[in-house]
Amino acid sequence: MTTSKKTTGASADNAITMLADDHKKVKKLFKDFEKLKEKGDAAEKEALAEQICAELTIHAEIEEEVFYPAARAAIDDDEMMNEAEVEHASAKDLIEQLQAIDSSDPTYDAKVTVLGEYVNHHIEEEEKEMFPKVKKAKLDLEALGEELATLKETKETQIMGGAAKSSGSRSPSARL
Ligand SMILES: [Fe+2]
Ligand SMILES: [Fe+2]
């Protein structure tokens, strides 16, 4: 059975591929930041860091609101789910710290780098542990993907005014 793809966002054929696409995108943004860090263009760095924060915030929220509750109910591994939620909380804390400063702050680049390290570790755990367990469980990943895509689109409109969908490299004046 094919599910209609009414959303225009990611190719959301199922929940796992959609979240993995987000992961790939955000990992690339962190790599871009590491390159920019050396060149040291303040405005570009800040625009990129803002985009990273916005993408991560939306991704974390759709996981917390839709994917994690479904996964928690389906796979019976509260310890793993609790750890994932604690990791989200740490990342959010760092995102808030970043949003409170600008790139003239001596800790700015370090905060982005450490956030990238947290996030890469978290992504690794989701992709190597959580997603395989969810795939084995009896979950309708297509329906869950639709739900995630719809929620993501709503949040993108709220947070970025839809800018991230078209540009991909810059989010003008995105403020959380
Ligand atoms: Fe996550
Ligand atoms: Fe994730």
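Using only side-chain charges placed at the Cβ, +1 for Lys and Arg and -1 for Asp and Glu, the dipole size of the range 19-137 relative to its Cα centre rounds to 520 debye. Electrostatic tally near ILE101: other residues with Cβ closer than 13 Å to its Cβ, Lys and Arg +1, Asp and Glu -1, net -4. Each residue of the range 88-96 was assigned a 3J(HN,Hα) from its phi angle through the Karplus curve 6.51 cos²θ - 1.76 cosθ + 1.60 (θ = phi - 60°); the sequence is 4, 5, 5, 5, 4, 4, 5, 4, 5 Hz, with glycine and proline shown as x.
Remark: the range 106-113, residue by residue, has Karplus-estimated 3J(HN,Hα) of x, 9, 4, 4, 4, 5, 5, 4 Hz, where x stands for each Gly or Pro and the curve is 6.51 cos²θ - 1.76 cosθ + 1.60 at θ = phi - 60°.
Could you work out the Rg to Rh ratio of the range 25-165, with Rh taken as the Kirkwood radius (inverse of the mean 1/r over all Cα pairs)?
That ratio equals 1.00.
Model label points for LYS135 and VAL86, set 7 angstrom from Cα along the Cα-to-Cβ axis, are 2.7 nm apart.
Projecting the Cα atoms of THR107, VAL26, CYS53 onto the charge dipole of the range 1-149, computed from C-beta unit charges around the Cα centre, puts VAL26 farthest toward the positive end.
All of the numbers you see were taken from the coordinates with simple rules; none came from a lab. Remember, it's a predicted structure, so these values are computed and weren't measured experimentally. Cβ: placed from backbone, ideal geometry, glycine included. Neighbour counts: every protein chain shown.
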